[in-house]
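Okay, structure first, notes after.
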Amino acid sequence: MLYKWPVLILNSEIIISQQQKPCHCTRDSMRYAFYSKDQLCRLPISELEGMSRPGDIMIGVLLLLHLDNVYRPVPFTERPPRLECALFHQDSYQQLQAFIFAVEEINRNPEILPNITLGFQAYDSCVMLQQSVEGAFQVLTGTGRGIPNYRCLGDVPLSSLIGHAASTHSILLAHILGLYKYPQISHFSTSPLLSNRKKFPSFFRTVPSDTFQSQGIAQLVLYFGWTWVGLLGVDNDYGQQGIQLVKQEIVKAGACVAFTENIVKQKPDRNAPHIVKVMRDSAAMVVVVFSSDVDLVPILDEMLIRNIPRKIFVASEAWSTSNVFHMGKYSRLLYGTIGLALPGGAIPELKEFLNKVHPSMSVGGNWARLLWEKSFSCKIPDGKNLTGSLKNPVKWCTGDESLENIQNNYNDVSRLRVTYNMYTAVHVVAKSLEDLRSCDKEEFPFFHRKCADIRNFRPWQLLHYMKKVRVTLSSGRELYFDENGDPPANYDIVNWQPGPNSTVRHVKVGSYDTTASLGQVFTINTSAILWAAGDKQVPISVCSQSCLPGFRKATKRGEPVCCFQCVPCPQGEISNRTDSVGCSKCPWDHWPNAQKSLCLPKTLEYLSYEDTLGSTLAAVSISSSLVPDFILRLFVQHKVSPIVKANNYSVSCILLISLSLCFLCSLAFIGYPQPHTCLLRQTAFGMVFALCISCVLAKTVMVVCAFMATKPGSSLRKWTNPRVSYMIILTCSFLQLLLSILWLSLAPPFPEQDLQTQPKIILVMCNEGHPAAFWCMLGYLGLLASISFIFAFLARRLPDSFNEAKFITFSMLAFLSVWVSYIPASLSAQGRYTVAMEIFAIVSSSWALVICMFAPKCFIILFRPNMNSREHLRQK
């Protein structure tokens, strides 16, 4: 029969293993396992520093009690030395003590696992993957030496393993533990890769996945309008996955990434010189950092050395509440930092438990000595300086020091976050074990319809209850796992603000809770945020300054969309908001304001009585119309006088009346164009002027015929009859009436709004219907005037006492000059000025007739009465 043999990698030596089997280890079996005669299969012996406490059921735990290694040169001529741990981490030691406190708390509680004692094995991985694997095997084996596929405590089941804090370590451990179906609970691993249930079927965590954190950080960035940000991540699964997810979210929302740089853990300086140079050269004010606190320290140190201008850091939960930066030199750089943090919780009586730690402890004494030396800055006698930080110890530890007399990161329980997740993980294991112990025999969840034995269960049996476990937290919230082993996502939004003595305070300013009701998922109190020492103004981090209303964004060739130039909106278009990507056209009856940010109603332009020009022309027209009336009254009073009789009294009266109407017809051109006024204005103008010029033509014909009729035997005597004058007037006027009727029938004038001539203005005007009709009407008037001018010009030298021909010649010459000048002037004018030009031509031509034909006669009647007598005529 063929078997599938899982392959495990340990210290670069391949070990082929079958399914793990429990056994009772003896000295001989241990020796055989570690010292096989076959040198190809020899397992190396490794002694990890750890601590353990026996119990009926064991829990394993892997921690990061050290944050770094001692880097030593490797000559490659001998076996590399074992890496030494450095930078003892007080926060991690606090997590270990919280783990122990939770185990003891459960053991004392008679309602949880009665008559069953929980034991544990704890190891320090010292940020080395190799030691994490070794620690996991030692937990699985149950002794201080790890033997793959051997369980040397056959009668003491292993329930689960809590850890690791680092995602990369947890991924490696999850591959191993998943083979055996051992539940693994991480209190700080957030990589979204661990949510893959097919790869990691037995992995759980009491901290949300970075998928939610990245979405929250992206919302945080976008909330403050930061569209040009840098991304900085440590070169492991946690950092790389985190910055990639943030990048996806902010790019999807329209923001841009200025730079993406990696913190290289394998370098002692973490690649800080290059990273800081990129940050210095970039215009991005905001930098999102996915890293642990210890990996960020070299970057901040380099920023201090180079005196880099202050940046705003957006912190991931791995360092957003770290106490590493609590004091001193980093405060200037980190004031204003904002980020997501795991929600805190309270653990009653934990502070007293923490303060009971002493170097004389039999279990975990070495780690307690590390804490003691770091807390009191002393060296324990008869032991090496375990912290590696006291080259010249200032004093020796007496052992009488008390942790109760100091306040440091270790015994600060004011806001437990990661430590509370560790505490919760222990209670998750205990609650799952209690559910397994209290199995309802009617359900029979396993094969053979039997419940598991609490003192002899298989890992996959506990895994069944782990998936359904529910634990109530101190905040009242309930922790449970979804189908991927992830808990509900809930974060605090914290802001780093100045504290006393140049310290940093982590102030909660909002929350990000995916289980909250709609509209409450992301909440933030902006008034509580301080971006620098007392500064509440939100920093600006953009590639290009915002485009004001009236402009649109135009991307620059070869650059991200966040780098743009502001282009004014085209004519007739507006943008009414900041950073508009395009401009919109105003409605047809609106036009942009000067800033092109608002559409305003277009001005209606027409010649109105309210305008100065319109009121002036109206006043001139009305006052001018009184002059023919005055002359008519004068003629009526002196109708028997020779000068009035000689100038054909009846025709003169008709002419004066028509002239008065000529002045008044210009009023039809003033005011808002209405359908009836458009029909009236040109036809009225044409008819009254046709009547006027017809009268002048009749006068001219009568003058010529009267002189010619004085010759003996002339046949023109019959044309001197007054009826001939009336027939000329009626005939000429009737022809104009026919033209007007034809015009109004085929293409009548109508009001229209001109939007093209002046885009900012609506020109309200009368459309003449058909331009040819207007010019035909005007041309007919010109024809009558030309005939009158020719006849009068030919008769200008005829002897006559009151030679009418001369006056008619001048009047027609002035009339024609006015209207010939009107043609180019009207073609060049626009809007109301076109109408004003026609009114001016009407008034001017009418005045030309009044002055040239009637002014001399009125002068004689009023001021030279002696010339208006029969005696004067006889003398001439």
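The values are calculated or read from the model by the stated rules, or taken from the named source; none is laboratory data. Everything numeric here is computed off the predicted structure, so don't read it as measured data. Using ideal geometry, Cβ is built from the backbone for each residue, glycine included, and neighbour counts are taken over all protein chains shown. These accessible areas exclude ligands, DNA and RNA; they are computed on the full protein's heavy atoms, side chains included. Shrake-Rupley method; radii C 1.70, N 1.55, O 1.52, S 1.80 Å.
Quick notes on this structure:
- Partners for LYS699 among aspartates and glutamates (Cα-Cα distance below 18 Å; same-chain residues under 8 apart left out): ASP800, GLU804
- Between helix 804-828 and the chain: long-axis angle, C-alpha atoms, 0 to 90°, nearest 10: 10
- From phi via Karplus (6.51, -1.76, 1.60), per-residue ³J(HN,Hα) for the range 454-467 in Hz, x at Gly/Pro: 4, 9, 7, 10, 9, x, 5, 6, 5, 4, 4, 7, 4, 5
- Taking the C-alpha atoms only, the angle from helix 237-252 to the longest principal axis of the chain is near 10 degrees.
- Among 77-84, 258-265, 629-636, 827-834, the order from most to least packed when residues are scored by Cβ within 10 Å on average: 258-265, 629-636, 827-834, 77-84
- If only the Cβ of Lys and Arg carry +1 and only the Cβ of Asp and Glu carry -1, the dipole of the chain around its Cα centre is close to 3820 debye.
- The count of lysine pairs in the range 267-384 that are at least 8 places apart or cross chains, and whose C-alpha atoms lie under 17 Å apart, stands at 5.
- Contact order relative to length of the range 312-361, as percent, for alpha carbon pairs under 8 angstrom and 6 or more apart: 45
- When the Cα gyration tensor is reduced to axis lengths a ≥ b ≥ c, the ratio a/c is 1.5 or higher for the range 68-166, and with a/b not above b/c it is classed as oblate.
- The range 562-682, accessible surface, carbon-and-sulfur percent (1.4 angstrom probe): 62
- What the chain shows is 48 Å² of accessible area per residue, with the surface traced by a 1.4 Å probe over protein heavy atoms.
- Straightening the chain between ASN196 and GLU49 buys 49.7 nm, computed as 0.36 nm per residue apart minus the Cα-Cα spacing.
- Whichever aspartates and glutamates have a C-alpha closer than 17 Å to that of LYS585, once near sequence neighbours (fewer than 8 apart) are set aside: GLU573
- By average C-beta atoms within 10 angstrom, highest first, the peptides 506-516, 472-482: 506-516, 472-482
- Value of [θ]222 nm, deg cm²/dmol, for the chain, DSSP H segments ≥ 4, -39500 (n - 2.57) each, nearest 500: -13500 deg cm²/dmol
- Under 5 Å between amide hydrogens, built in the peptide plane, is the criterion, and for ASP754 it picks out LEU763, VAL764, MET765 among residues at least 5 positions away or on other chains.
- Percent accessible area from carbon and sulfur atoms, the range 160-258, protein chains only, probe 1.4 Å: 55
- When the solvent-accessible area of the range 735-824 is split by element, carbon and sulfur atoms take up 73 percent of it, the probe being 1.4 Å.
- Proximal aspartates and glutamates relative to LYS198, as straight alpha-carbon distance under 15 Å, when same-chain residues fewer than 8 apart are discounted: ASP482, GLU483, ASP486
- Between MET361 and ARG458, the modelled label-to-label distance comes to 3.7 nm, taking each label 7 Å out from Cα in the direction of the beta carbon.
- For P(r) over Cα pairs in 10 Å bins from 0, in percent, calculated from these coordinates, the label among [x] 2, 10, 15, 15, 13, 13, 12, 8, 5, 3, 2, 1, 1, 0, 0; [y] 2, 10, 15, 14, 10, 6, 5, 4, 5, 6, 6, 6, 5, 4, 2, 1, 0, 0; [z] 2, 7, 7, 6, 6, 5, 6, 6, 6, 6, 6, 6, 7, 8, 8, 6, 2, 0, 0, 0: [y]
- When the Cα positions of ASN866, ILE839, MET128 are compared along the charge dipole of the chain, ASN866 comes out farthest toward the positive end, with charges on each C-beta of Lys, Arg, Asp and Glu.
- Principal-axis analysis of the Cα atoms of the chain puts helix 90-108 at an angle of about 60° to the longest axis.
- Counted by Cβ distance under 10 Å from CYS543, the other residues give a net charge of 0, where Lys and Arg count +1 and Asp and Glu count -1.
- A simple count of charges around GLY364, restricted to other residues whose Cβ falls under 11 Å of its Cβ and scoring Lys, Arg +1 and Asp, Glu -1, yields 0.
- Residue-count net charge about CYS583 - beta-carbon cut-off 12 Å; Lys, Arg +1, Asp, Glu -1: +4
- Spin-label model distance (nm) - PHE76 vs LYS556, 7 Å beyond Cα toward Cβ: 4.5
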